Amino acid sequence: MTHHSSSDALQMSSEEMRTLGYQIVDMIVDHFEHVEDISLATRADRRTLEQRLREPLPEEGSPVEQVLEQLQRDVFANVVPLDHPRFFAFIPGPNNFVSVMADALTSGFNAFAGTWRLAPGTAQVELVTIDWLRQLCGLPETAGGLFVGGGSLATLTALATARHIKLADNIQDAVVYCSDQTHSASDRALKLLGFAPQQLRRLPSDASFRLSTDALIRAIEEDRAAGKRPFCVIGNAGTTNTGAVDPLAIMVDICRAQDLWLHIDAAHGGAAILTEQGQCLLQGLELADSLALDPHKWLFQPYEIGCVLTRQSRWLYETFSVLPEILKDVAGREEEVNFRDYGIQLTRSTRTLKLWMSLKVFGLAAFRHAIERGIALAEYAETLLRQSPGWEVLTPAQLGIVTFRYVGRSQGDVNALNQRILDAMFADGFAFLTSTLLRGQTALRLCIINPRTTEADIQGTLQRLTQFGESLSDS
Ligand SMILES: Cc1ncc(COP(=O)(O)O)c(C=O)c1O
């Protein structure tokens, strides 16, 4: 008999496992404690990383300490920390330690979350957690959903359901409407679902970057008159650009009157429903046919967790269920929910534990306060900008996002000046922000949703931006 070592069975002794586990916990805790000391300046380029990380496929193993060291030095040191309190670009990812540990447990127990018979425990936790989100969003008890990899997959799942339920999958001449501020996740989803680009009508938004409902009604009428089949409207509950919320309640009325599916992209703004201000802003959310949420944004979860909710849980089932021979034995009774029948994945891990555990450990009130803090800090940034000569606020603080630009005394190209300010910030590394284009104007943008961000972080960032603005407009 040939010698069979434990590492051939991909095993470690319990001692080795504990040592490795504690070492990794130490690394993670260290990251949480010192993340604000990490520079936000640009990382290594492709050539450098090719040199450091390119190697032949390792036939023999090497000591785990060595691999961890390399991971720290070459990999994590080259990841911009999206959980840094001065990371204000795109949508930051301020996660929490409880959820990180829940992710470790999820892969440690490797629970298969596609089939009730195999893992009723995790399926029930998913049912309960989905139902918590349903309650928060005010959808009826008939609603259901599932956790997916992110907002893009939630959008794809929702629009596939809309296509099936509303069109019986016949997309000929069907038209979808949204504002020009809608996230590209919707374009991609429709493309994958077979729609031609012209079947998505991106309508001009109003002065506040909200969908113009007059333009929507006109477009629907025109399309009907031309023999097209309007079938779906995509509303925004917090655009990525400016945090704008479309007039959801009016869109609900239009969709009901016109028999259209209303999908709402609440990937960024949905979490604000926990707050009083958010509840006012998001009125109408509760009447959507489908919703895309993204707990890995403003519900402080590590990547990847998105969530799709539909007004009727059975709509997902009708769209996605198939029952091949191999799964017959685990078809299950009616009350046994098999999440494999509600979305694209058959084999799926439970993405739920992190959200469930962190909600239970911290409590909803802590989440609410953390979200309120982001809303308030963006308002604080807006106040400072309005008091500072040289700055122009382009869109007021909305759902944690404020956009602005430096005009100074400059007679020159304001767009180019703001681009240069941004480049100076990238090189500086104190804070990380990005720009967007608003009606041809380069807008600097702060998305402030990290509850660990302080007033001093905002002041320091704006001070630097002003310094760069002054020196670059003089040059
Ligand atoms: C409004 C909005 N919708 C959809 C998405 C896509 O979500 P994800 O990146 O999680 O796939 C984003 C991501 O930034 C977003 O801001």
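The values are calculated or read from the model by the stated rules, or taken from the named source; none is laboratory data. Model, not experiment: these values are computed from the prediction. Every residue, glycine as well, gets a Cβ built from its backbone with ideal geometry; the counts of neighbours run over all protein chains shown. Side chains are part of the model used for accessible areas, which takes the heavy atoms of the whole protein and leaves out ligands, DNA and RNA. Shrake-Rupley method; radii C 1.70, N 1.55, O 1.52, S 1.80 Å.
Taking region 268-308 as the range and being over 15 Å from the mean Cα position of the chain (by Cα) and touching a residue at least 60 places away in the same chain (Cβ under 8 Å) as the test, the residues that pass are Ile273, Leu274, Thr275, Gln277, Gly278, Leu281, Leu285, Glu286, Ala288, Asp289, Ser290.
Please specify each residue of region 275-302 satisfying the condition of being open to solvent by less than 10 Å² (accessible area, probe 1.4 Å) and more than 26 Å from Ile344 (Cβ to Cβ). Scanning region 275-302 gives Thr275, Gly278, Leu282, Gly284. Selection over region 277-298 of residues that are away from the ligand (no atom under 12 Å from the Cβ) and out of contact with any Ser or Thr (no Cβ under 8 Å at 6 or more places or on another chain) gives a count of 12. Residues of region 170-209 being polar (S, T, N, Q) and either surrounded by 17 or more Cβ atoms within 10 Å (Cβ to Cβ) or on the phi > 0 side of the Ramachandran plot (or both), which ones? Selection gives Ser179, Gln181, Thr182, Ser186, Gln199, Ser205. Filtered by the rule that a residue be assigned to a helix (DSSP H, G or I) and within 12 Å of the ligand (Cβ to nearest atom), region 125-158 gives Gly151, Ser152, Leu153, Ala154, Thr155, Leu156, Thr157, Ala158. Per the conditions (1) away from the ligand (no atom under 16 Å from the Cβ); (2) in a helix (DSSP H, G or I); (3) under 18 Å from the mean Cα position of the chain (by Cα), the sole criterion not satisfied by His84 is (2). Within region 169-212, can you find the residues that are in a loop (DSSP other than H, G, I, E, B) and touching a residue at least 60 places away in the same chain (Cβ under 8 Å)? Matches in region 169-212: Gln181, Thr182, His183, Ser208, Phe209.
For beta carbons closer than 7 Å, sequence separation of 6+ or different chains, a first residue in region 405-422 that is open to solvent by less than 50 Å² (accessible area, probe 1.4 Å) and a second that is of a type in the set (Asp, Glu) and not in a loop (DSSP other than H, G, I, E, B), the qualifying pairs are Arg405/Glu392; Val407/Glu392; Gly408/Glu470. Taking (1) assigned to a helix (DSSP H, G or I); (2) open to solvent by 10 Å² or more (accessible area, probe 1.4 Å) in turn, Ser99 satisfies each apart from (2). Taking each residue of region 154-167 that is open to solvent by less than 10 Å² (accessible area, probe 1.4 Å) and looking for partners that are within 11 Å of the ligand (Cβ to nearest atom) and part of a helix (DSSP H, G or I) with beta-carbon atoms closer than 6 Å, six or more apart or interchain, yields Thr155/Ala185; Thr155/Ser186; Thr155/Ala189; Leu159/Ala189.
For region 59-78, check the following and say yes or no: at least one residue is β-branched (Val, Ile, Thr) and within 24 Å of the chain's Cα centre (by Cα). For region 59-78, residues β-branched (Val, Ile, Thr) and within 24 Å of the chain's Cα centre (by Cα): present. Residues in region 261-273 that are open to solvent by less than 10 Å² (accessible area, probe 1.4 Å) and not small (Gly, Ala, Ser) were compared, and the one that is nearest to the ligand (Cβ to nearest atom) is His268. Might you let me know whether region 220-228 holds any residue that is charged (D, E, K, R) and in contact (Cβ under 8 Å) with a residue 40 or more places away in the chain? So far as region 220-228 goes, yes, one or more of its residues are charged (D, E, K, R) and in contact (Cβ under 8 Å) with a residue 40 or more places away in the chain.
Of all residues being basic (Lys, Arg) and under 21 Å from the mean Cα position of the chain (by Cα) in region 436-462, which is surrounded by the fewest Cβ atoms within 10 Å (Cβ to Cβ)? Just the residue, please.
Arg452
Pairs are defined by a Cβ separation below 6 Å, a sequence spacing of at least 6 or placement on different chains, a first member in region 238-267 that is in the same structural domain as Gln312 (by TED's automatic domain parsing) and assigned to a strand (DSSP E or B), and a second member that is polar (S, T, N, Q) and open to solvent by less than 10 Å² (accessible area, probe 1.4 Å); the pairs so defined are His263/Ser290; Asp265/Asn236.
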